[in-house]
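Below is one structure, written out as structure tokens, with a few remarks after it.
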Amino acid sequence: MYIIIVGGGVVGSHIASLLAEEEHNVVVVEQSDEVLDNIRRQLDVKTILGNAATPKVLREAEAQSADLVIAVTNSDETNMLTCFIAKELGANATAARIRNPEYSGYFVTAGKSPSAPRKVIRPKSLGIDTFINPDVEAAKEIMSILSSFYSTPIENFANGLIQIREFKVEKGAIAHKPLGEIALSKPCVVAAIVRAGGVIMPSDDAVIEQDDHIYLVALREFMDELGESFDQPQPPAKSVAILGGGRVGCLLAEGLQEHRIAVKLIDENVSRCQENAAKLKHTIVVQGDGTDRDFLIEQGVPSADAFVATTESDEVNILCGLLAKNLGVSRSLIVVNKLGYIPLTDAVGVDVAASPSLLTARKIAHFVLHGGAISASLLEGKQLQAIEFVTSPTAYIAKRNIGDAGLPKEAIVGAITHNNRVIIPPDDSPIQPGDHVIIISPLSVTPSVEKFFT
């Protein structure tokens, strides 16, 4: 696919890296020469210096021939205008990063009188096919984790029947054993082993070590029970302390209070606290310093089921997430924007680091599917990708079994659905047209896997 990325910051450069590794033809448009120099040093992509919210620059980028234009600058308005112009020039599809939630709904024009008809302008009328709000994605991810038994994200496939989940090996019963000797309680597939930030593709003789992270493929109904083999389950959170009353913190508090979860929202800024207190009727809003240990104890943070740090400072979030853990909070989650900090958060003991940049890239991964794919998710940053393919009658893999198809050795087939029947682990039956096949592989292998379903 020919893809134009407008904005070369943290989000734009990460998406460019992801798409370039998948062998898409990528162009990055950015107004800062310094930012473009960084991208040129790191990525093999075309770059254009200029303001993409102008027809001249978009024509130079050949927007009229683009399969997709992704606008992810720091300005919502620039992103919206860029998508509008690109669509007018002939771009096939557009996606815009929009942080202001008021922009992502319908626009209703005023009528000439109270009884006169009013025109409803939908986002697509503005030339935007997909709105991506990183703050909303981060809040949704954290809510999903807080409502489950384990402090790890879940990826859903086959209309939610099949899940892929990451577990940390905390229990010693399965540590130091080869994978082939471990008997798990329900049918599943180990899709990957992560150790010290590196990915190990599983084999029967691969030894599981304490503190490894395991990606598991299983039926949704079995996942919680399977998790007990790796980690101690915790009841879903009933009380949550949130540090940071910005967009993510406010969205999270809003979502949690709707689920009748007791929420305390802490922020240093007095005016922000007043604004949030007026908006969040069922949330306790407190003004104070979240880095102050005595203040957190005074506010009852140690007795909360979970602590979430969502300030604009990654460093403060990491520090306070660790502080909450030391105070005895069982679940500590933080928001980080700098991708280089994610390994650090795991090393210091924070349970989950939600990255708006990674979540935005995950959303984009769904948007650039081809080769028979209908769903995709990024795992372990962007080291792995899980894709759900639908087998067409003319696909190379049709009527071949997995063992004889010749798939790359790094590709793990996690599940097959045939006539609404889920097969985990997959057997040697030939893959039939219409079957759904879920494959996990390194990102660099994805183009090779896609050829089997094209």
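The values are calculated or read from the model by the stated rules, or taken from the named source; none is laboratory data. Everything numeric here is computed off the predicted structure, so don't read it as measured data. Cβ sites come from the backbone with ideal geometry, for glycine too, and all protein chains shown count toward neighbours. For accessibility, only protein heavy atoms count, side chains too; no ligands or nucleic acids. Shrake-Rupley method; radii C 1.70, N 1.55, O 1.52, S 1.80 Å.
Out of contact with any Asp or Glu (no Cβ under 6 Å at 6 or more places or on another chain) and either at positive phi or among the basic types (Lys, Arg) (or both): is that true of Asp205 in this structure?
No, not satisfied.
Those residues that are without any contact (Cβ under 8 Å) to a residue 60 or more places away in the chain and either hydroxyl-bearing (Ser, Thr, Tyr) or in contact with a Cys (Cβ under 9 Å, 6 or more places away or on another chain) (or both), I need them from segment 289-305; list them, please. Can you show your working first?
Our first condition is that a residue be without any contact (Cβ under 8 Å) to a residue 60 or more places away in the chain; within segment 289-305, this holds for 289-300, 302.
Those that are without any contact (Cβ under 8 Å) to a residue 60 or more places away in the chain and either hydroxyl-bearing (Ser, Thr, Tyr) or in contact with a Cys (Cβ under 9 Å, 6 or more places away or on another chain) (or both): Gly290, Thr291, Leu296.
Give me a count of the residues in segment 404-445 that are in a strand (DSSP E or B) and of a type in the set (D, E, K, R).
So the count comes out to 1.
Cβ contacts < 8 Å: first residue free of Cβ contacts under 8 Å to residues at least 40 places away in the same chain, restricted to segment 201-226; second residue open to solvent by less than 30 Å² (accessible area, probe 1.4 Å), any location; separation 6+ or different chain. Result?
Matching pairs, first to second residue: Ala206/Ile193; Ile208/Val169; Ile208/Ile174; Ile208/Ala175; Ile208/Ile193; Ile208/Ile214; Phe222/Cys188.
Answer yes or no as to whether Thr391 is open to solvent by less than 10 Å² (accessible area, probe 1.4 Å), in contact (Cβ under 8 Å) with a residue 12 or more places away in the chain and hydroxyl-bearing (Ser, Thr, Tyr). Can you show your working first?
Working: open to solvent by less than 10 Å² (accessible area, probe 1.4 Å): yes; in contact (Cβ under 8 Å) with a residue 12 or more places away in the chain: yes; hydroxyl-bearing (Ser, Thr, Tyr): yes.
Spelling it out, Thr391 is indeed open to solvent by less than 10 Å² (accessible area, probe 1.4 Å), in contact (Cβ under 8 Å) with a residue 12 or more places away in the chain and hydroxyl-bearing (Ser, Thr, Tyr).
Could you please give the count of residues in segment 319-335 that are without any contact (Cβ under 8 Å) to a residue 60 or more places away in the chain and aliphatic (A, V, I, L, M)?
5
From the set of residues in segment 28-50 that are free of Cβ contacts under 8 Å to residues at least 24 places away in the same chain and open to solvent by 40 Å² or more (accessible area, probe 1.4 Å), which is farthest from Glu77 (Cα to Cα)?
Arg41
Within segment 89-127, take every residue that is in a strand (DSSP E or B) and at pLDDT 60 or above and give me the one that is farthest from Ile334 (Cα to Cα).
Among them, the one singled out is Thr94.
Can you tell me which condition Gly290 does not meet? The list is (1) within 27 Å of Pro233 (Cβ to Cβ); (2) under 28 Å from the mean Cα position of the chain (by Cα); (3) small (Gly, Ala, Ser), and all the others hold.
For Gly290, the exception is condition (1).
Taking Ala86, is it in a helix (DSSP H, G or I) and not basic (Lys, Arg)? Step through it out loud before you land on a result.
On the way: in a helix (DSSP H, G or I): yes; not basic (Lys, Arg): yes.
Considered against the rule, which asks whether it is in a helix (DSSP H, G or I) and not basic (Lys, Arg), Ala86 comes out as yes.
Across segment 133-149, what is the number of residues that are among the hydroxyl-bearing types (Ser, Thr, Tyr) and open to solvent by less than 30 Å² (accessible area, probe 1.4 Å)?
Residues flagged as among the hydroxyl-bearing types (Ser, Thr, Tyr) and open to solvent by less than 30 Å² (accessible area, probe 1.4 Å) within segment 133-149 amount to 1.
So, Arg247, is that one closer than 20 Å to Glu102 by Cβ, open to solvent by 10 Å² or more (accessible area, probe 1.4 Å) and charged (D, E, K, R) or not?
When the stated conditions are applied, Arg247 passes them.
Among residues belonging to segment 150-187 that are out of contact with any helix residue (DSSP H, G or I) (no Cβ under 8 Å at 6 or more places or on another chain) and among the β-branched types (Val, Ile, Thr), point out the one that is most open to solvent (accessible area, probe 1.4 Å).
The selected residue is Ile182.
When you scan segment 255-268, do you find a residue that is under 27 Å from Ala347 (Cβ atoms) and assigned to a helix (DSSP H, G or I), even just one?
Checking segment 255-268: not a single residue is under 27 Å from Ala347 (Cβ atoms) and assigned to a helix (DSSP H, G or I).
Identify, please: which residue in segment 2-14 is touching a strand residue (DSSP E or B) at 6+ places or on another chain (Cβ under 6 Å) and more than 13 Å from Gly50 (Cβ to Cβ) and is, among those, most open to solvent (accessible area, probe 1.4 Å)?
Residue satisfying both the conditions and the ranking: Tyr2.
Take the conditions of a type in the set (A, V, I, L, M, F, W, C) and either modelled with pLDDT of 95 or more or under 18 Å from Asp129 (Cβ atoms) (or both) and apply them to Val57. Does it pass?
Yes: the conditions hold for Val57.
Quick grid of which residues meet (1) hydrophobic (A, V, I, L, M, F, W, C); (2) surrounded by fewer than 16 Cβ atoms within 10 Å (Cβ to Cβ); (3) within 21 Å of Val194 (Cα to Cα):
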site: Glu275; (1), (2), (3): no, yes, no
site: Val308; (1), (2), (3): yes, no, no
site: Ser330; (1), (2), (3): no, no, no
site: Leu339; (1), (2), (3): yes, no, yes
site: Leu344; (1), (2), (3): yes, yes, yes
site: Thr360; (1), (2), (3): no, no, no
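Quick check on segment 439-447. Is at least one of its residues under 20 Å from Pro187 (Cβ atoms) and either open to solvent by 20 Å² or more (accessible area, probe 1.4 Å) or touching a residue at least 12 places away in the same chain (Cβ under 8 Å) (or both)?
Yes - at least one qualifying residue is present in segment 439-447.
Confirm whether Leu19 is of a type outside the set (Phe, Trp, Tyr), at pLDDT below 95 and surrounded by 19 or more Cβ atoms within 10 Å (Cβ to Cβ). So that I can check it myself, show each step before the final result.
Details: of a type outside the set (Phe, Trp, Tyr): yes; at pLDDT below 95: yes; surrounded by 19 or more Cβ atoms within 10 Å (Cβ to Cβ): yes.
Considered against the rule, which asks whether it is of a type outside the set (Phe, Trp, Tyr), at pLDDT below 95 and surrounded by 19 or more Cβ atoms within 10 Å (Cβ to Cβ), Leu19 comes out as yes.
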